[in-house]
Amino acid sequence: MPLSVRFWFVWAFALLGLTGLLLGRVVEFIDFSERAPFSLLGIFMMIELAAVLFGVTTALQRKRIAHRFAIGISLLAVPILAGLPPVLLDMPSAAANGWYALTVPLGALISLGLVVGLLRAPARRYFSEP
């Protein structure tokens, strides 16, 4: 297994763990009144969770479609690391700005590293099953 694919698996499982830890806060954040029976944050989290679970499942089987899912999941670093914690933890604006200054560049570096690694030939060859 190429090193970039191993790093992607670490990122995907960390993303699953972070989603599991934040899911209780997402449910608390949603207003289940008749005016708003759903929220965009809840929809985003459910789509993200389904995509990561499907991506990991197909990557374990080395399917070709998993390569595309791996690249897409690699791009979730900035919205997950930078966007969710300030909203879910009700950070004051000064703390949220500091959080953004720290995690946006970190998320961009994680995404860039994963995408570049996954676009290399060894990673593409790893996903070889039709």
Item checked: For Pro122: the one exception among (1) under 16 Å from Trp11 (Cβ atoms); (2) loosely packed, with under 15 Cβ neighbours inside 10 Å; (3) of a type outside the set (D, E, K, R); (4) touching a Pro at 6+ places or on another chain (Cβ under 6 Å) -> (1)
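Quick grid of which residues meet (1) farther than 17 Å from Pro2 by Cβ; (2) of a type in the set (A, V, I, L, M); (3) more than 14 Å from the chain's Cα centre (by Cα); (4) at pLDDT below 90:
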{"site": "Pro92", "(1), (2), (3), (4)": "yes, no, yes, yes"}
{"site": "Val104", "(1), (2), (3), (4)": "yes, yes, no, yes"}
{"site": "Ala108", "(1), (2), (3), (4)": "yes, yes, no, no"}
{"site": "Val116", "(1), (2), (3), (4)": "no, yes, yes, no"}
{"site": "Ser128", "(1), (2), (3), (4)": "no, no, yes, yes"}
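Residue under question is Phe44, and the condition is that it be among the aromatic types (Phe, Trp, Tyr) and either in a loop (DSSP other than H, G, I, E, B) or within 24 Å of Pro2 (Cα to Cα) (or both); does it hold? Outline the logic, then answer.
Details: among the aromatic types (Phe, Trp, Tyr): yes; either in a loop (DSSP other than H, G, I, E, B) or within 24 Å of Pro2 (Cα to Cα) (or both): no.
Answer is no for this residue.
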Notebook entry, point to check: Tally time: how many residues in segment 59-78 are under 16 Å from the mean Cα position of the chain (by Cα) and under 14 Å from Ala123 (Cα atoms)?
Noted result: 8
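Go over the candidates Gly83, Gly72 one by one and state the one that is of a type outside the set (A, V, I, L, M, F, W, C) and crowded, with 16+ Cβ neighbours inside 10 Å. Break it down into steps so the answer makes sense when it comes.
On the way: Gly72 fails: crowded, with 16+ Cβ neighbours inside 10 Å.
The unique qualifying residue is Gly83.
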Notebook entry, point to check: What residue, among those in segment 41-57 that are in contact with a helix residue (DSSP H, G or I) (Cβ under 6 Å, 6 or more places away or on another chain) and within 14 Å of Leu18 (Cα to Cα), is surrounded by the fewest Cβ atoms within 10 Å (Cβ to Cβ)?
Noted result: Leu49
Next item on the list: Among the residues of segment 92-103, write down those that are under 23 Å from Gly20 (Cβ atoms) and either open to solvent by 40 Å² or more (accessible area, probe 1.4 Å) or touching a Cys at 6+ places or on another chain (Cβ under 9 Å) (or both).
Entry: Trp99, Leu102
Check: Taking interchain pairs and intrachain pairs at least six residues apart, which have beta carbon atoms under 6 angstrom, with the first residue in segment 71-91 and under 13 Å from Thr19 (Cα atoms) and the second among the polar types (S, T, N, Q)?
Finding: Ala77/Ser111; Leu81/Thr103
Notebook entry, point to check: Gly107 fails exactly one of the following numbered conditions: (1) among the small types (Gly, Ala, Ser); (2) in contact (Cβ under 8 Å) with a residue 24 or more places away in the chain; (3) open to solvent by 50 Å² or more (accessible area, probe 1.4 Å). What is the number of that condition?
Noted result: (3)
Next item on the list: Answer with yes or no whether Gly113 is surrounded by fewer than 17 Cβ atoms within 10 Å (Cβ to Cβ), in contact (Cβ under 8 Å) with a residue 12 or more places away in the chain and closer than 25 Å to Arg125 by Cβ.
Entry: yes
Notebook entry, point to check: If you take the residues of segment 10-25 that are without any contact (Cβ under 8 Å) to a residue 12 or more places away in the chain and over 23 Å from Gly117 (Cα atoms), which of them is most open to solvent (accessible area, probe 1.4 Å)?
Noted result: Leu21
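The values are calculated or read from the model by the stated rules, or taken from the named source; none is laboratory data. Computed from a predicted structure; not experimentally measured. Cβ: placed from backbone, ideal geometry, glycine included. Neighbour counts: every protein chain shown. To get the accessible areas, we keep the full protein, side chains included, count just its heavy atoms, and leave off ligands, DNA and RNA. Shrake-Rupley method; radii C 1.70, N 1.55, O 1.52, S 1.80 Å.
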